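Data first, discussion second: the structure below is written as structure tokens.
The values are calculated or read from the model by the stated rules, or taken from the named source; none is laboratory data. This structure is a prediction, so every number in the text was calculated from the model and none was measured. Heads up, the Cβs are rebuilt from the backbone with ideal geometry, glycines too, and the neighbour counts pull from every protein chain shown. Each accessible area value is taken on the protein alone, full model and side chains, heavy atoms only, with ligands, DNA and RNA left out. Shrake-Rupley method; radii C 1.70, N 1.55, O 1.52, S 1.80 Å.
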Amino acid sequence: AQSVTQPDIHITVSEGASLELRCNYSYGATPYLFWYVQSPGQGLQLLLKYFSGDTLVQGIKGFEAEFKRSQSSFNLRKPSVHWSDAAEYFCAVGAEDSNYQLIWGAGTKLIIKP
Amino acid sequence: DAGVTQSPTHLIKTRGQQVTLRCSPKSGHDTVSWYQQALGQGPQFIFQYYEEEERQRGNFPDRFSGHQFPNYSSELNVNALLLGDSALYLCASSLRTSGMTDTQYFGPGTRLTVL
């Protein structure tokens, strides 16, 4: 069965510092991979997605993610965080043989230190 | 262009009651999916509606049912509420294309509290 693991429940980063949020998945074939962000009172917003091709994916708000098949990972990165990036981040995976239903990680809450 | 809207924002019910949540999809979208997000967890897929029919269903009991109207809006109904049904219920809309290429747009959710 597919699964998604986000090992870090919380991450604290200083404003201006770089960020990496980890995501590991379990699936036999190449899945479809997503990162979403959820701010309080806001809906989930898609940051980026990977279907195929270039393994480094650029998203909105200066985020990028790299698909590493050998490590079953899809880590999210940002070179310099802003206070407005404080939110909860979710990694999700879907696949053709599960009718593209998204399986979600438990999320990582990003805290920004001034 | 209005995004996905959901109503109500918050709802408090007691065990055994029934609840109906509503969702209006983003303009131009024809597919609506419902998710349950318990506190501290990621969303879990409940079901998806397209052309007024339930097309896919996650691992949720029959107490959870839905409907899609001709204007693509949707309702989620939960009967015989349990304390464990307390969660944020998210609606997502998309345009049905091939497979996973359609991006889902999420509403702000309805916070259901069952006492």
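At a glance:
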read-out	value
Cross-link reach list, lysines versus residue A:113, counting only Cα pairs under 18 Å and skipping chain neighbours closer than eight places	A:78
Interface B:A - total buried accessible surface [probe 1.4 Å, Å², rounded to 100]	1500
Shielding by partners, peptide B:54-63 (average Cβ within 10 angstrom, other chains)	1
Label point distance in nm, residue A:70-residue A:26, each placed 7 Å from Cα along Cα→Cβ	2.3
Label-point gap, in nm, between residue A:109 and residue A:10 - each point 7 angstrom along Cα→Cβ	0.6
B:21, B:39, A:46, ranked by accessible area, largest first (probe 1.4 Å)	B:39, A:46, B:21
Highest-MSF residue in chain A out of A:63, A:90, A:51 [GNM, Cα springs under 10 Å]	A:51
For the range B:45-115 and the range A:27-42, distance of Cα centres in Å	18
Gyration tensor verdict on the range B:1-53 (Cα atoms; rounded if a/c is under 1.5, prolate if a/b is larger than b/c, oblate otherwise)	prolate
Most fluctuating residue given options A:31, A:79, A:40, as computed from a GNM of chain A linking Cα atoms under 10 Å	A:40
Surface share of carbon and sulfur [accessible, 1.4 angstrom probe, percent] for the protein assembly as shown	48
With all protein chains modelled, accessible area of residue A:76 [1.4 Å, Å²]	0
Reduction of at least 20 Å² in accessible surface, 1.4 Å probe, comparing all protein chains with the chain by itself, residues of the range A:42-58	A:43, A:44, A:46, A:49, A:51
Gyration tensor verdict on the protein assembly as shown (Cα atoms; rounded if a/c is under 1.5, prolate if a/b is larger than b/c, oblate otherwise)	prolate
Solvent-accessible heavy-atom area per residue, rounded to whole Å², over chain A at 1.4 Å	48
